[in-house]
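The values are calculated or read from the model by the stated rules, or taken from the named source; none is laboratory data. Note that the coordinates shown come from a computational prediction; the quantities given were computed from them, not determined experimentally. All Cβ positions, even for glycine, are placed from backbone atoms using ideal geometry, and neighbour counts span all protein chains on display. We work out accessible area using only protein heavy atoms, side chains counted, and drop any ligands, DNA or RNA first. Shrake-Rupley method; radii C 1.70, N 1.55, O 1.52, S 1.80 Å.
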Amino acid sequence: MGTGHNVLGRALPRVDSMEQVTGATRFADDLTLPGTLVGRQLLSTHPHAVIAGIDTSRAEALDGVRAVITGSDLPITYGILPVSQDENTLAIDRVRYVGEPVAAVAADDAEIAERALSLIKVDYEPLEEVVDLEQGLSEDRPLIHGEGTGRNVHRSVALEFGDVDEGFGVADHIREDVFHYSGNTHAALETHCALASYDAVGKLTLWSSTQVPHYLHRSLERVLELPAGRIRVVATPNGGGFGGKTEPFSHEFAAAKLSMLTGRPVRINLSREEVFYAHRGRHPVLMWVRTGFAADGRITAMHFRSFLDGGAYSSYGIVSMYYTGALQTATYQIPNYRFEGVRVFTNKPACGPKRGHGTPQPRFALECQLDRAAADLGMEPVGIRLVNAVEPDSLTVNHLRITSCGLSECIVEVAGASDFTARHGRLPHGHGMGLAVGAYMSGAGLPIYWNDMPQSEVQVKVDRGGGVTVYSMATDVGQGSTTMLATVVAELLGLQPSDLAMVTADTDLTPVDLGSYSSRVTFMAGNAAVEATGKVRDRVVRAVAEKLEANPADLVLADGRVSVAGDPATGSDWAEAVRMAIATEGPLIESGSYRAPELAGPYKGSGVGISPAYSYSACVVLVECDAQTGMVAVERVWLAHDVGRSINSLLVEGQIEGGVYMGLGEALFEEQAFRGGLHRGPSLLDYKIPTILEMPPVEFIIVESIDPGGPFGAKEVGQGPLLPVVPAIANAVHDALGVYVDEVPITPDRVVAALRDLARGGSGRFGPESVPDFDFGTPVRVEPPEGFVAP
Amino acid sequence: MTMRLPNFEYVAPATVDEAARLLSDPGRSSLIVGGGTDLFPKIKRRQAAPTTLVSLSGVDEMRGVRFDSAGNCVIGASTLLADLAVSHQVPPVMAIAAASIASPQIRNTATVGGNLCLDTRCNYIDMPETWREASGHCLKDGGEVCWVAPRGNRCWAINSSDLAPVAVALEGSVRLTSVHGERLIPVEDLYHDDGIACHTKSFEEILVELLLPSGGTRATYRKLRRRGSIDFPLLGVAASARFDEAGTCVSARMVIGAAAPAPVRATEAEEFLIGRQFTDEVIGEAAGIASGPVRPQDNTDTGSRYRKWMVPVLVGRALSDLVADDG
Ligand SMILES: Cc1cc2nc3c(=O)[nH]c(=O)nc-3n(C[C@H](O)[C@H](O)[C@H](O)COP(=O)(O)OP(=O)(O)OC[C@H]3O[C@@H](n4cnc5c(N)ncnc54)[C@H](O)[C@@H]3O)c2cc1C
């Protein structure tokens, strides 16, 4: 007990690690039920077309085909956000992207299912396609949602906090820069898979690799028109999610419907190609940012514009759009801030949330611009960040409430560990170092659908042998949420995480948790677990204290015993203590819950970006660039992350490394690229995720700021560490070669194009020159929050 | 759901003769399979539909490296790339090129014959079925148009073999066998500058072995690719040269891979190099000459412009390798 904690913060293996490394973990595709049929979906081969007719008769007549469905079998629309219910399980009347499911079959085996698909005849009448931002903003293209022609604007926003004109008026230096961040996708190892079983008494069970069993449950209820009580959703362990499984998907409804029609279990496991089309990955965002600085580097005003190419459906798109403007202020004190954003529909797979949801793009723009501003002002990258860094217990101009904040500490730590200041700008040609920071939410402040119930509920039950079972809908997507819960409960009860039985992610068995998205689980489910376990603990302590005639406050739970502090021989072992508690007050089953405080500001859209706490990171990378081929190799990464409190340092390290890995891929390799409406390569050969050879060593530094609201002070680490990696690499490439590649990914062809420009006497920049002329309207003026202190 | 193989007959004869007989059986529509690392994905994507696959993995005489009486290094076509990559018998450049192919897992299965007979690749053809349907099947896929150059009437799919340019640079030859007999042809003549009819051999002919003449050449291979493993070449440059005592070049071969449907010999540059010493200026000039006729198309990763820019860079590096102390 050197740390004063039982297990908190220790580098313990995950509670499910043994099953995972021995292959015992059962993912959705590993589950088998007798008589399971193979479900498959027919995909649209047109980016934009009217469906004039579908003839399924030949498929239905094929031996071994048990059911065939088309759009009209499931006419009720769905969508993750209540305001944008624009998807159908199978396209009705119109297809909007290549790869959109138009029909589904259930058959005895995969061969028959595939044959059946080839026998379905779809009569398409092609429409003019809309495939990029420019076309999306054109007046003359057909509307993707709706009839006739017009601009395919999904949503736009214009907000102003403080007085931007005034802020620019007092600036000593103003910079304007344009950046583009290409789209990319999650590329989780596990393809999406759902197994549906509709049983003889009319109950539907759906096992699915989903990050959001609760939202899926609600959507199934609506689309299938079944009462919630007759639907059970089990989220199977996700073989990676990264945001790619945080909304209901077509194949989940299709598998369920096919099972209802056939009375047999139906499994649909998407192919890798289908996963690229299901997508919901990072939006391509074109950004323009104008920032005013005082001579000492302080930001006086910022005007940020983002243009999102959303793909064919809404998904989380409105939220994604707001996110591109929400967290600029979470790292830097910006006294006057205007944000304008627009999302357009295009005939491509829908974009949505990917790790960092909507914030890596503006973070890239911001951090690259900041380095340039520093150079303009004769400052160092470290200095300009420290002078602007947000402070703990402060409010931002756009009404974010900052509690704990280890940003400055992260910057200082990471710069120190990497010897940044001595090396930046001084390495030989081709070698460079870059710095960047980031911040992320520890859970979205609001649930996705409006309600005033808790965002997370946890139940803890103790049996008469002292066995503890924890029930939570929190879904382990590889991030280790089950281990986090076990650690929190074990810490409070003086047990080991591996002693506990964990029941998770099952709508029949577990109380609601909203899901594994927005980095909310440690904070919210963790707090709910603390509350539930605290009640159990209080009861056990009370019973033992009574027997010992001791003061309950003097009792400690450690090493499986409940005893007087400093005297482990007193008291009783855990199981005996539990029996006393049950004997005195009845069943030992307690629950706890968490609901975020009211944080929303007084304006529309303020629900996006608010969070009970923010994590902070700072990153330094060292790169080596080949000045002829433009190839960039990341040699080393230093990353400091303010996680509030490390509950399990092994998991924190894993999330940091995973974030670095994903950031590396986005910065240099990955692009969900299209040629017209056609994906450029829906395979893992063509879509280039880094291999182990590209992954550099990562030196990580855990900063603990002990957040007042977090469980034991913990915040998040699942998404935040990715954010600074991308701009840090971009800044390092500039340091190495003197070029600016203002477009992510920084591919070798882009680097060489910039180098050639430099050699010809140009600025050595590769990237977009300008942004479209779009009228965002007069911004809504929002007064800074009461108590806001302009720097 | 992974892509599935359709049903087919799989035969694994023990001798070359038996394999040749099976391939010429009019009752079957057969294809040769080595390691299958190229062929199986194609069949899964429904780019080929053979009734029979004739595997060469059971043909012992086709595996391993030996030297013939003329001093040629003879590499059996069924030799695994993983074995080639660590072989001390083959010219080092062959081992280096083999080690750069695909990934360790693939090299454990892939063969030399399969690599030399690799079908041409293009990002309009090596795609799933739905995608090809959506793009409107290209010329190589049974359609009317080459989407890479829609105005032309030919196919631009790329020869992406890493061994082919090296084997050409080393003046290698291949022995082909079928029921109609046997022939030995220069590797260079195995390829045809057409993405569809990319090999000059018939479907019945088995590539039995690769012969590399011995002696006196320095050789190198430079491969450009995005990642340190897995990726096909964006461009490959193989070069070989002989020098006299004074360091003057007496013969040279320079072969550019992954730029066209066949490996491209930079004959003008080769001629330019003969009689010259490889100074920086000469290398620079040769690089310029070599890249002139190379016109990569936009049909693999990173686009045509970049790959064009990279030709002189890679050629320059390859030529520098030849005169480096350890070259
Ligand atoms: C992910 C991935 C990455 C790859 N990267 C590379 C790379 O970097 N460089 C590269 O060069 N290749 C690469 N390849 C392609 C391929 O794996 C290799 O070229 C490999 O050497 C092919 O050998 P194989 O034995 O597997 O060929 P197979 O697939 O068995 O055959 C390939 C073709 O050759 C024919 N064939 C095979 N053997 C003979 C023979 N003895 N005589 C006549 N015809 C024959 C077959 O009929 C078939 O048409 C890659 C493949 C994949 C899937």
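Assess whether A:Thr396 counts as being within 24 Å of the chain's Cα centre (by Cα), farther than 12 Å from A:Leu622 by Cβ and open to solvent by 10 Å² or more (accessible area, probe 1.4 Å). Here the answer is no, as A:Thr396 does not meet what is asked.
Of A:Leu43, A:Leu62, which residue is open to solvent by 10 Å² or more (accessible area, probe 1.4 Å), among the aliphatic types (A, V, I, L, M) and within 14 Å of chain B (Cβ to nearest Cβ)? Give the steps one after another, and end with the answer.
Details: A:Leu62 fails: within 14 Å of chain B (Cβ to nearest Cβ).
Checking each option against the conditions leaves just A:Leu43.
Against the list (1) within 14 Å of another protein chain (Cβ to nearest Cβ); (2) aliphatic (A, V, I, L, M); (3) within 25 Å of B:Pro213 (Cβ to Cβ), the condition B:Val255 fails is (1).
With respect to the conditions (1) outside the structural domain of B:Ser178 (by TED's automatic domain parsing); (2) closer than 30 Å to A:Asp29 by Cβ; (3) open to solvent by 60 Å² or more (accessible area, probe 1.4 Å); (4) in contact (Cβ under 8 Å) with a residue 24 or more places away in the chain, B:Arg28 lacks only one, and its number is (2).
Would you check if there is a residue in the range A:204-213 being within 14 Å of another protein chain (Cβ to nearest Cβ) and touching a His at 6+ places or on another chain (Cβ under 8 Å)? Scanning the range A:204-213 turns up at least one residue that is within 14 Å of another protein chain (Cβ to nearest Cβ) and touching a His at 6+ places or on another chain (Cβ under 8 Å).
Among the candidates A:Ile268, A:Ile299, the residue that is among the hydrophobic types (A, V, I, L, M, F, W, C), open to solvent by less than 10 Å² (accessible area, probe 1.4 Å) and within 30 Å of A:Glu340 (Cα to Cα) is uniquely A:Ile299.
Here's the yes/no breakdown for (1) open to solvent by less than 50 Å² (accessible area, probe 1.4 Å); (2) in contact with a Gly (Cβ under 8 Å, 6 or more places away or on another chain); (3) within 14 Å of chain B (Cβ to nearest Cβ):
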site	(1), (2), (3)
A:Val725	yes, yes, no
A:Ala730	yes, yes, no
A:Asp735	yes, yes, no
A:Gly738	yes, yes, no
A:Thr747	yes, yes, yes
A:Val752	yes, yes, yes
A:Gly761	no, no, no
A:Gly787	no, no, no
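Taking the criterion of being open to solvent by less than 10 Å² (accessible area, probe 1.4 Å) and within 11 Å of the ligand (Cβ to nearest atom), the only residue of the range B:208-223 that qualifies is B:Leu210. Pairs linking a residue in the range B:203-225 that is more than 15 Å from B:Pro186 (Cβ to Cβ) and within 14 Å of chain A (Cβ to nearest Cβ) to a residue that is open to solvent by less than 20 Å² (accessible area, probe 1.4 Å) and away from the ligand (no atom under 13 Å from the Cβ), with Cβ atoms under 7 Å and 6 or more positions apart or on different chains, are B:Arg222/B:Val237; B:Arg222/B:Leu314; B:Arg222/B:Ala318; B:Leu224/A:Thr629; B:Leu224/B:Met310; B:Leu224/B:Leu314.
Scan the range A:144-171 residue by residue and report those that are assigned to a strand (DSSP E or B), touching a Lys or Arg at 6+ places or on another chain (Cβ under 8 Å) and open to solvent by less than 40 Å² (accessible area, probe 1.4 Å). So that I can check it myself, show each step before the final result.
Filtering the range A:144-171 down to residues assigned to a strand (DSSP E or B) leaves A:149, A:153-161.
Okay, now just the ones that are also touching a Lys or Arg at 6+ places or on another chain (Cβ under 8 Å), so A:149, A:153-156, A:158-161.
Hits for the range A:144-171 are A:His154, A:Ala158, A:Leu159, A:Glu160, A:Phe161.
Based on this model, can you work out whether B:Arg132 counts as away from the ligand (no atom under 16 Å from the Cβ), assigned to a loop (DSSP other than H, G, I, E, B) and more than 22 Å from B:Phe203 (Cβ to Cβ)? For B:Arg132, the condition - away from the ligand (no atom under 16 Å from the Cβ), assigned to a loop (DSSP other than H, G, I, E, B) and more than 22 Å from B:Phe203 (Cβ to Cβ) - is not met. As a summary of the residue check, A:Gly560 satisfies the conditions (1) open to solvent by 10 Å² or more (accessible area, probe 1.4 Å); (2) under 30 Å from A:Gly445 (Cα atoms); (3) touching a residue at least 12 places away in the same chain (Cβ under 8 Å) except for the one numbered (2). Within the range A:203-259, no residue satisfies the criterion of being charged (D, E, K, R), over 21 Å from the mean Cα position of the chain (by Cα), closer than 22 Å to A:Asp30 by Cβ and buried (at least 24 other Cβ atoms within 10 Å of the Cβ). Counting residues in the range B:149-157 that are of a type in the set (Gly, Ala, Ser) and either open to solvent by less than 10 Å² (accessible area, probe 1.4 Å) or within 23 Å of B:Thr37 (Cβ to Cβ) (or both) gives one or more. Put simply, of A:Ala577, A:Ala596, A:Ala627, A:Ala581 the only residue that is within 14 Å of chain B (Cβ to nearest Cβ) and surrounded by 15 or more Cβ atoms within 10 Å (Cβ to Cβ) is A:Ala627. One residue stands out among those in the range B:80-92 that are over 15 Å from B:Leu116 (Cβ atoms) and crowded, with 17+ Cβ neighbours inside 10 Å: the one that is farthest from the ligand (Cβ to nearest atom), which is B:Pro91.
In the set B:Ala269, B:Ala260, B:Ala239, B:Ala290, which member is away from every other protein chain (no Cβ under 14 Å), closer than 26 Å to B:Ile106 by Cα, among the small types (Gly, Ala, Ser) and not in a loop (DSSP other than H, G, I, E, B)?
Details: B:Ala269 fails: closer than 26 Å to B:Ile106 by Cα; B:Ala260 fails: not in a loop (DSSP other than H, G, I, E, B); B:Ala290 fails: closer than 26 Å to B:Ile106 by Cα.
Result of the check over B:Ala269, B:Ala260, B:Ala239, B:Ala290: B:Ala239.
Can you tell me which residue is farthest from B:Arg107 (Cα to Cα) among those in the range B:40-58 that are within 9 Å of the ligand (Cβ to nearest atom) and touching a Pro at 6+ places or on another chain (Cβ under 9 Å)? In this case the residue turns out to be B:Val54.
Apart from one condition, A:Gly607 fits all of (1) farther than 27 Å from A:Ala187 by Cβ; (2) touching a strand residue (DSSP E or B) at 6+ places or on another chain (Cβ under 9 Å); the exception is (2).
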